[in-house]
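Input: a single structure, listed below in structure tokens.
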Amino acid sequence: MRNISGLEQRQVSLAEAITRAHSRIDEIQDVLKDEVKGHEKRIQAIELSLAKNQWIERVIMVGVMAVIGLWVKGGL
């Protein structure tokens, strides 16, 4: 009888431990999902920033080339 009682107690204890482990895994999954969403937003922000910088570089380069073109033709 003691063995059965001991085994039942162990089973209850293991079931509680498994339940705690599953709830902890669920919490970690939620944190990871939130982090992935935040990461995607950061990547999008970086891509937008790079695109803006590229356009600024192009506009500046066109201005510089125009000034050089005028200088070569003797306009300045």
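Numbers at a glance
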item: Subset of region 1-41 (residues that are within 10 Å of the chain's Cα centre (by Cα) and basic (Lys, Arg)); result: Lys33, Lys37, Lys41
item: Any hit, region 6-17, residues being hydrophobic (A, V, I, L, M, F, W, C) and not in a helix (DSSP H, G or I); result: no
item: Conditions (1) of a type outside the set (Phe, Trp, Tyr); (2) modelled with pLDDT under 95; (3) part of a helix (DSSP H, G or I); number of the one not met by Gly75; result: (3)
item: Some residue of region 42-57 being over 27 Å from the mean Cα position of the chain (by Cα) and either among the acidic types (Asp, Glu) or in a helix (DSSP H, G or I) (or both); result: yes
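The values are calculated or read from the model by the stated rules, or taken from the named source; none is laboratory data. Bear in mind the structure is a predicted one, so any value in this text is a computation, not a measurement.
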